[in-house]
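To start, the structure under review is shown below, and the notes come after it.
Where a number appears in this text, it was derived from the coordinates with a stated rule and is not lab data. Fair warning: this is a prediction, and the values are worked out from it, not measured in the lab. Neighbour counts are summed over all protein chains in view; Cβ atoms, including those assigned to glycine, are modelled from backbone coordinates with ideal geometry.
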Amino acid sequence: MKIALIQFKPTFLDLDKNLERAAGILESISADIAVFPELFLSGYTFADETQVRNGAFPFEEGPQRAPLLRISREKSMAVCGGYAEIDGRDLYNSAFFMANGRLVGNYRKVHLFNREKLYFKPGDKGFEVFDYQGATMGMMICFDWLFPEAARSLALKGAQVILHPANLVLPYCQQAMFARALENRVFIITVNRVGTETAEAESNTFTGQSQIVSPKGGYLVRMSKDQEQVENVSIDP
Ligand code: ACM
């Protein structure tokens with residue numbers, strides 16, 4: 001199974017531009033699964049709830065839906081990435097998995113980090129797995145890494161591959177995933193963003209170093225700390 005890790009730097013709240021760039025990258029690569037970071041269409045460092053609402057959409061009506069579903073069908077390439085989801089009045093920090101022109105999975109982040117708690121509701125659907133190309137897949141998002149129960153819950157449900165879109169700011173996750181992968185015997189694909197974003201109350205510098213850790217604790221790839229980058233890595237779940 002060929003995995004494309006797309007270490008990306010979105011332009012804050014410019015959904016159209018981010019989507020166009022993301023689609024351009026997807027058109028230029030071939031993989032079984034392409035993985036983007038958390039909140040890759042909106043950016044991360046919101047100053048207030050209005051900004052989150054400006055960057056959020058219901059999956060069924062979002063601008064990403066038509067182009068990314070089309071690419072997933074035409075290129076037989078599943079696409080996973082994080083987005084700000086709105087459901088009624090509620091906001092979630094979510095990740096989608098689309099394949100063959102349809103939505104296969106949608107995960108709502110359970111463990112919210114820092115100021116995310118001001119805007120987003122914690123995920124209300126738990127940790128679910130789904131099949132793709134004969135392998136059992138699960139998703140978690142960024143700060144879920146700190147809670148061993150997230151990866152464990154997915155592994156106990158049979159996950160062989162965990163997709164992990166992230167906007168990491170602390171320096172620990174990339175090492176911690178060694179243990180998560182080894183103790184659960186899973187591949188963990190962490191795709192982080194790069195760059196710095198500043199809002200009134202907060203400044204975040206994201207730590208890059210997107211990576212795959214194998215069930216034997218091998219780092220199959222480790223990307224740069226501060227550059228956008230695309231890497232293709234084969235795994236055998
Ligand atoms: C994070 O969960 N984005 C740090």
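Tabulated results
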item: Under 5 Å, built H, 5+ apart or other chain: amide partners of Leu39; result: Gly82, Tyr83
item: Residue among Val161, Val186, Val221 with the largest mean-square fluctuation in a Gaussian network model of the chain, springs linking Cα atoms under 10 Å; result: Val221
item: Helix-only mean residue ellipticity at 222 nm for the chain, each DSSP H run of n ≥ 4 adding -39500 (n - 2.57), per residue, nearest 500; result: -6500 deg cm²/dmol
item: HN-Hα J in Hz across region 220-237 - Karplus 6.51, -1.76, 1.60, θ = phi - 60°, x for Gly and Pro; result: 7, 7, 9, 8, 6, 7, 9, 10, 5, 6, 10, 10, 10, 9, 8, 10, 10, x
item: Stretchable slack from Asp124 to Glu228, in nm (0.36 nm times residue separation minus alpha-carbon distance); result: 34.2 nm
item: Residues whose placed amide H lies under 5 Å from that of Ile141, excluding near-sequence neighbours; result: Val110
item: Semi-axis lengths (Å, descending) of the ellipsoid that matches the C-alpha gyration tensor of region 111-195; result: 21, 15, 12
item: Gap separating the Cα centres of region 209-224 and region 10-55, nearest whole Å; result: 23
item: Which of Ile235, Ile212 has the fewest Cβ neighbours within 10 Å, and the rest in rising order; result: Ile235, Ile212
item: Hull volume in cubic angstrom per residue (convex hull over the Cα atoms of region 44-148); result: 101
item: Order of Tyr83, Tyr172 under a 10 Å beta carbon neighbour criterion, fewest first; result: Tyr172, Tyr83
item: Fewest-first sequence of Thr45, Thr190, Thr50 by Cβ atoms within 10 Å of each Cβ; result: Thr50, Thr45, Thr190
item: The chain - percent relative contact order, Cα under 8 Å, separation 6 or more; result: 21
item: Electrostatic dipole magnitude of the chain [Cβ: Lys, Arg +1; Asp, Glu -1; Cα centre; debye, to 20]; result: 540
item: Kirkwood hydrodynamic radius (C-alpha pairs) into Stokes-Einstein, the chain, 4 °C and 1.567 mPa s, D in µm²/s; result: 75
item: Average Cα contact separation per residue, region 13-126, under 8 Å, 6 or more apart, as relative contact order %; result: 24
item: Region 184-201 - phi-based ³J(HN,Hα) in whole Hz, Karplus 6.51/-1.76/1.60, Gly and Pro as x; result: 9, 6, 10, 7, 10, 10, 9, 10, 9, 9, 10, x, 10, 10, 10, 10, 4, 9
item: For region 208-214, 3J(HN,Hα) per residue [Karplus equation, 6.51 cos²θ - 1.76 cosθ + 1.60, θ = phi - 60°, Hz, x = Gly/Pro]; result: x, 6, 4, 7, 10, 10, 8
